[in-house]
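Below: one structure, written as structure tokens.
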Amino acid sequence: MRKIIYLVTLAIALLFYSEQVVAATIVVDKERLQIEVNEAPKKPLVTRSTELQGTEVSRDFYYTITEDIVHDRTYEVIFHIRHSKLLIDPSSFTVKVDDSAVKTIPLRQDKLSQSVTVQLSKEALTKGTHKITASFYGIVKEGVCVAPGNAGSWLRIDPLSSISLFDKAEKAWTLADYPNAFLSYEDSQTTLIVPNQASLTTINQAYQLAAYLSEHSEQDVRIVKESDREIVKGSVIVVGGQAEFSEAYILDALKDTEGAEATLRILTLENPDSTYSVPALFVTAKEIDHLQKGVTLLTTEHLYSQLVGEVFQVNDLPVLDELQTSEITFEQFGFNTQTLSSQVASTSTYYIALPQLQSEQEAALKLILKKSATLSEEIERETELIVMINDVPHAVDIQKLKETSTDIYEVTIPVATNTLNKSKLTAIQFEVTGFQLEDPCETTNERYWLYIDAASSLTIPKQEGALTFTLMDFPRAFYHNALIVVPNEKTVSVDEMVQLYKSLMINGQSAEIKLVQEQEINEEDLQNYALIFVGAVEDFSMLTTHTNSILYTEADFLKQGLLYQAMADYAFITRSFWQENQPFMLLQVADTPPMNASFLEQLRQVNQPVNMVMLTKGGQLITGKQEQQATEMNEVEQSSIIWQAIAVFVLFVLLIVVIIYVLLKRRKKRYLTEEKND
């Protein structure tokens with residue numbers, strides 16, 4: 001119901017704020033920008049991985065050419081494929097165009113990933129609709145029958161697979177072409193332009209958008225200033241406040257964007273001699289603080305998939321679900337309703353970033369299921385649903401499921417929080433057993449199936465008490481409300497920052513990030529944000545009083561088993577000095593070379609409870625010996641034990657004193673009584 005409300009809300013917003021205008025073209029300032037497009041631009045062939053399973057499977061793709069094409073360049077389709085390591089000859093992958101085979105390649109065990117490029121012939125470039133067929137022929141073991149749904153015979157078409165764009169340069173681009181028209185490929189890189197004197201708020205949003213598009217592209221988006229002399233070799237995006245720009249070619253595009261808090265506008269950018277042109281997307285705001293609304297539209301698939309027209313003006317956005325509640329539905333981490341059967345016995349693996357959970361507690365996996373009627377009968381074969389959570393199996397006897405309403409079954413599986421804490425990204429996969437016959441060459445008319453509803457959910461216990469943060473919590477501990485702090489004086493590389501923003505993404509979605517210089521931090525920020533300081537300890541005056549709690553000196557490195565002189569990049573994490581329920585992280589990067597993309601990629605993979613890691617100058621990631629905070633906690637615990645022992649000892653002494661006092665008093669009383677009797 002909430003999703004329906006979101007859709008209706010955005011639809012109403014479109015009616016009020018979407019403005020259909022004549023497709024505009026602006027000419028770049030020849031002193032500033034030059035457009036060079038040597039190859040036909042591309043668009044993705046698929047938006048997500050497409051898997052072909054079985055012995056002979058095909059998938060069709062269609063493209064339409066609206067006008068005759070001038071054959072002045074190469075037009076092609078590129079498939080990026082991966083396949084099972086169990087395939088043997090004569091397994092193959094074939095590409096057909098309009099039902100005519102164009103290329104066939106063998107699938108071998110020594111080459112599991114391949115790129116297949118097919119140039120389109122003149123016949124395939126004629127006006128009209130054309131079909132491309134990708135055919136997979138997979139053999140696991142020659143001469144032996146393979147059971148239906150056998151996971152050993154598969155081929156995956158990856159999202160970076162692409163096809164040339166056939167539209168002429170005068171194409172009337174619309175917002176519906178986003179993000180496909182703005183992805184970067186090997187020979188076509190998107191350029192993001194920011195104002196010469198851009199505020200940190202603008203820079204923050206530019207990093208967010210660049211990181212999002214880079215994550216879905218073959219290469220990263222470039223970020224340049226509006227007055228830089230650049231050669232543009234792909235699409236262009238302009239991000240900034242309306243009052244921040246000064247170049248004529250940008251000001252021309254902002255003439256019709258008054259009135260709303262944030263505006264998206266797409267048009268064609270071309271050279272003065274009209275030799276080349278590219279699509280340009282302008283993301284602007286009346287007030288800089290409202291720029292985030294436009295960027296949120298472009299980094300949230302649920303929202304940008306609804307965009308239409310050339311101009312979209314917006315004042316308000318729908319409220320989207322966030323993974324901050326204790327109950328998380330399967331739909332929130334990308335699991336759509338699925339049916340398992342003898343043909344498809346297992347699902348893909350799904351990942352969800354969970355907060356750090358207290359150990360020795362219990363979460364609950366609630367499954368909403370439907371099953372075939374034959375599974376409700378008494379059958380000889382045992383059937384079971386196996387839920388793999390971080391590689392730990394959890395089994396459900398399908399025949400013993402209890403019906404809660406008409407044709408609906410529910411089951412709740414207890415899951416130890418220790419299992420969920422095993423990895424920074426929790427992996428979940430479903431598999432059924434007993435649906436297939438043991439003899440794959442034998443056939444049967446029996447059909448079993450199990451339906452898993454996307455409304456199923458995982459409920460995690462609420463966190464109590466202060467957290468102990470390690471590098472296992474990167475990036476999940478920074479996904480909500482991260483504050484990135486840069487030095488007041490020193491400049492941080494743009495490429496480094498884009499890599500950092502990319503590394504903070506989870507499940508393809510951008511993190512909530514605020515970017516500030518140290519001098520702009522206030523007490524409220526320190527209390528409400530997870531903190532990432534980018535630079536050396538000496539670059540930040542507010543860290544000078546906490547140097548004893550940060551491992552950064554050569555002596556600290558030696559204690560951790562690390563060579564300080566070998567360090568190129570370095571990361572340290574601990575509990576925030578200002579808010580015990582928030583993390584603090586220090587990222588120190590070498591001046592030369594700049595932050596290696598692999599450092600942050602490897603940092604995401606650290607799955608040990610350590611709080612210090614470095615990348616050597618040779619490119620090797622080395623972790624520290626122990627988790628410092630654990631040591632501090634042990635010291636606190638030891639101190640507590642000592643005080644408890646002292647308290648017990650004092651009580652014991654007091655008890656002895658009382659006993660002696662009572663005994664002496666009784667003795668004195670007895671003495672007085674005896675003396676009186678005498």
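Once the Kirkwood radius over Cα pairs is known for the stretch 474-526, the Stokes-Einstein relation at 4 °C and 1.567 mPa s delivers a diffusion coefficient of 108 µm²/s.
Protection proxy ranking, highest mean first, for peptides 515-523, 448-456: 448-456, 515-523, where packing is the per-residue count of other beta-carbon atoms within 10 Å, averaged. Taking a point 7 Å from the Cα of Gln109 along the Cα-to-Cβ direction, the residues of the stretch 68-99 with backbone N closer than 20 Å to it are 82-93. Enumerate the lysines that Lys665 could reach by cross-link, defined here as Cα to Cα under 21 Å, with residues fewer than 8 away along the same chain left out. Of all the lysines, those that pass the test against Lys665 - Cα under 21 Å, at least 8 places apart if same chain - are Lys676.
What share of Cα pairs, in percent, lie more than 20 angstrom apart in the stretch 547-616?
Numbers: 738 of 2415 pairs.
Here the tail beyond 20 Å accounts for 31 percent of pairs.
Taking N as the residue count of the stretch 441-556, its C-alpha radius of gyration divided by 2.2 N^0.38 Å amounts to 1.64.
Residue pairs exceeding 28 angstrom between C-alpha atoms, taken from Lys225/Lys502; Lys462/Lys514; Lys293/Lys462; Lys502/Lys617: Lys293/Lys462. Amide H contacts of Val102 (H built 1.01 Å from N, in plane; Pro and chain starts excluded): Val95, Lys96, Val97 sit under 5 Å, all sequence-distant by 5 or more or on other chains.
Protection proxy ranking, highest mean first, for peptides 360-373, 553-566, 211-224: 211-224, 360-373, 553-566, where packing is the per-residue count of other beta-carbon atoms within 10 Å, averaged. Sequence-distant contacts, meaning Cα pairs under 8 Å at least 6 residues apart, place the relative contact order of the stretch 330-434 at 42 percent. The tail of the calculated P(r) for the stretch 187-228, taken as Cα-Cα distances beyond 11 Å, holds 62 percent of the pairs.
Just order 110-123, 409-422 by mean Cβ neighbour count inside 10 Å, highest at the front, would you?
409-422, 110-123
The numbers here are math on the coordinates, done by the rules we state, and not lab data. The shown structure was predicted, so the numbers you read here are calculated from the model rather than taken from an experiment. FYI the Cβ positions are ideal-geometry reconstructions off the backbone, even for glycines, and counts take in every protein chain you see.
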